[in-house]
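What follows is one structure encoded as structure tokens, with my remarks underneath.
A short reminder: the numbers here are calculations on the coordinates, not readings from a lab. All values derive from a computational prediction rather than experimental measurement. Methodologically, a virtual Cβ is constructed for each residue, glycine included, from the backbone with ideal geometry; neighbour enumeration extends over all protein chains shown.
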Amino acid sequence: MISIQIELDDHTAIQFQEDLLEKIHETGAKGVVIDLSTVDIIDSYIAKILGDVVKMSDLLGAKVVLTGIRPAVAIILTDLGIRLNNISTALDLEKGLAKLKQDLGG
Amino acid sequence: MIMETRSSVPINNEWDIVQARQLGRQISREMGFGHVDQARITTAISELARNIYLYANNGEITIEPIVNLGKKGLKITSRDKGPGIKDIRLVMQDGYTTSGGLGAGLPGVKRLMDIFKIDSTLEKGTNIVAIKWLR
Ligand SMILES: Nc1ncnc2c1ncn2[C@@H]1O[C@H](COP(=O)(O)OP(=O)(O)OP(=O)(O)O)[C@@H](O)[C@H]1O
Ligand SMILES: [Mg+2]
């Protein structure tokens, strides 16, 4: 299982996406927790990248849980009309890990 | 201290998008916007600046505190001399994109802000004004 906390900005977002997929591939991780508690805005560009990360990780056999989404960020995603429909989320890192364990069946 | 003058950020590359966003965050904080509205303003600037960069290559974001009938607000203007927009009704629809994006930017900015006006002429460019009132 990989757990990462990220400072997502425009320059690092694509790099983050590539690095994470590499890491999943190398380690054969079955689950990834991405903690967004330090991210203060998510615009449509970053939202797209995050959504893609979840889909691509899925292709590599790893399940992603997003944790620590700030209230302001949740409000903005709603204003932008962006739904995290098929994306698993949890309040904090601890709950995210618990959710992953449960989803991965043990 | 409230900056009464308007500030402009030329948008020529991705770093300028971050620059415009940071300035918007700073000015909205100084004006006393709550932190959710600060985030709304910052996100709106990010969307408009990225659209300039993506579709017009360059342009300018202007951020300006305004007062109207005793009501304070922050006015964001996005200007470019890019290709312009043919069908404004179409680009204001959620999910419409010509770049493989989410198509969430423009309709999103309209919802994030209180006033939203878009004015565009083909081959001349695009002007967008968005205002958030201080509550
Ligand atoms: N400044 C502009 N000049 C010319 N065309 C523009 C401009 N801004 C937006 N457009 C057009 O309007 C469409 C919709 O813009 P919008 O910001 O809503 O979505 P997007 O940029 O495609 O995706 P997203 O913002 O979700 O990443 C764009 O795909 C583009 O065709
Ligand atoms: Mg856009």
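Of B:P65, B:M92, B:G24, which is farthest towards the positive pole of chain B's charge dipole, taken about the Cα centre with +1 and -1 on the beta-carbons of Lys, Arg and Asp, Glu respectively?
B:P65
Have a look at B:S28, B:S99, B:S120 and tell me which one the Gaussian network model of chain B (Cα, springs below 10 Å) gives the largest fluctuation.
B:S99
Within chain B, which whole H helices from DSSP have a Cα span along their axis of at least 18 Å and a mean Kyte-Doolittle hydropathy of -0.5 or more, if any? Mind dumping the intermediate values first?
Values: long enough: B:14-31 (26 Å, -0.88); B:35-51 (24 Å, -0.35).
Those that clear 18 Å and a mean of -0.5 are B:35-51.
All other residues with a Cβ under 11 Å from the Cβ of A:A90 taken together, and with Lys, Arg as +1 and Asp, Glu as -1, what is their net charge?
On the way: positive: A:K95, A:K99; negative: A:D35, A:D92, A:E94, A:D103.
Local charge sum for A:A90: -2.
Averaged across A:75-84, how many Cβ atoms of other chains sit within 10 Å of each residue's Cβ atom?
Shielding by partners across A:75-84 averages 6.
About the Cα centre of region B:7-133, how large is the charge dipole given +1 on each Lys and Arg Cβ and -1 on each Asp and Glu Cβ? Please answer in debye to the nearest 20. If you can, show how the numbers build up before the last one.
On the way: 17 positive and 13 negative charges, 67 e Å.
Result for region B:7-133 is approximately 320 debye, rounded to the nearest 20.
Nearest 10 degrees, 0 to 90: what angle lies between the long axis of helix A:44-59 and the longest principal axis of chain A (Cα atoms)?
10
Going by C-beta contacts inside 10 Å, put B:E47, A:E94 in order with the fewest on the left.
Ascending number of Cβ neighbours within 10 Å: A:E94, B:E47.
I need B:T98, B:T5 ordered by Cβ neighbour count within 10 Å, fewest first. All intermediate terms of the calculation are to be shown ahead of the outcome.
On the way: B:T98 10, B:T5 6.
If I rank by nearby Cβ atoms, fewest first, I get B:T5, B:T98.
Any idea what the dipole of the protein assembly as shown comes to, in debye rounded to 20, about its Cα centre with Lys/Arg Cβ at +1 and Asp/Glu Cβ at -1?
860
Relative contact order, percent, of region A:1-105 when contacts are C-alpha pairs under 8 Å separated by at least 6 residues?
The value is 30 percent.
Treating the beta-carbon of each Lys and Arg as +1 and of each Asp and Glu as -1, no other charges, what is the dipole magnitude of chain A about its Cα centre, to the nearest 20 debye?
On the way: 10 positive and 16 negative charges, 114 e Å.
Approximately 540 debye in magnitude.
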